[in-house]
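Accompanying notes for the structure given below.
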């Protein structure tokens, strides 16, 4: 079941973040080329880049949490027995689940307010509310990942061989 969930995360949030990053790369190339050779940049390029960066960052959060690849301070872990580290990991996941869940709630209320006011980007007049709702959904999904790991032992990415998006070894 965990492998299926991981595959679903990779093909949804991971692919979404990768596509957004790829789009940023091409948008930057076209924008810089247009400025250099045609003295004209991509209209709204900065706004698009900002929205795509939000997709990259928040889209990657659930996958980073799933793989347990957050920055950690583990200098004392070698001195702790395994049972203490297990309890510590579950408590950390519980706190993270609560924190991400609370952030998802705050972002949902913010997205609702943005939709109510009809806030848009300055140049392209794109609605900001869907971006905030996407942020809220990714925060909620991240909270669910951490909540799952309160009850299930996290997969250890450091003991497994690296894989590509299709699950094969590179």
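Looking at (1) modelled with pLDDT of 95 or more; (2) farther than 18 Å from residue 64 by Cβ, which one does residue 96 not meet, given that it meets all the others? Unmet condition: (2).
The set of residues from segment 60-69 being modelled with pLDDT under 90 and over 12 Å from residue 146 (Cα atoms) comprises just one member, 69. Could you check segment 104-118 and list, in sequence order, the residues that are surrounded by fewer than 16 Cβ atoms within 10 Å (Cβ to Cβ) and within 19 Å of the chain's Cα centre (by Cα)? Matches in segment 104-118: 105, 106. The residues in segment 33-53 that are more than 16 Å from residue 122 (Cβ to Cβ) and within 27 Å of the chain's Cα centre (by Cα) can be counted, and the count is 2.
Here's the yes/no breakdown for (1) in contact with a strand residue (DSSP E or B) (Cβ under 6 Å, 6 or more places away or on another chain); (2) more than 30 Å from residue 1 (Cβ to Cβ); (3) surrounded by fewer than 19 Cβ atoms within 10 Å (Cβ to Cβ):
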position: 120; (1), (2), (3): yes, yes, yes
position: 124; (1), (2), (3): no, yes, yes
position: 135; (1), (2), (3): no, no, no
position: 148; (1), (2), (3): no, no, yes
position: 153; (1), (2), (3): no, no, yes
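The values are calculated or read from the model by the stated rules, or taken from the named source; none is laboratory data. Please read all numbers here as calculations on a predicted model, not as lab measurements. No Cβ is skipped: glycine too gets one built from the backbone with ideal geometry, and neighbour counts run over all protein chains shown.
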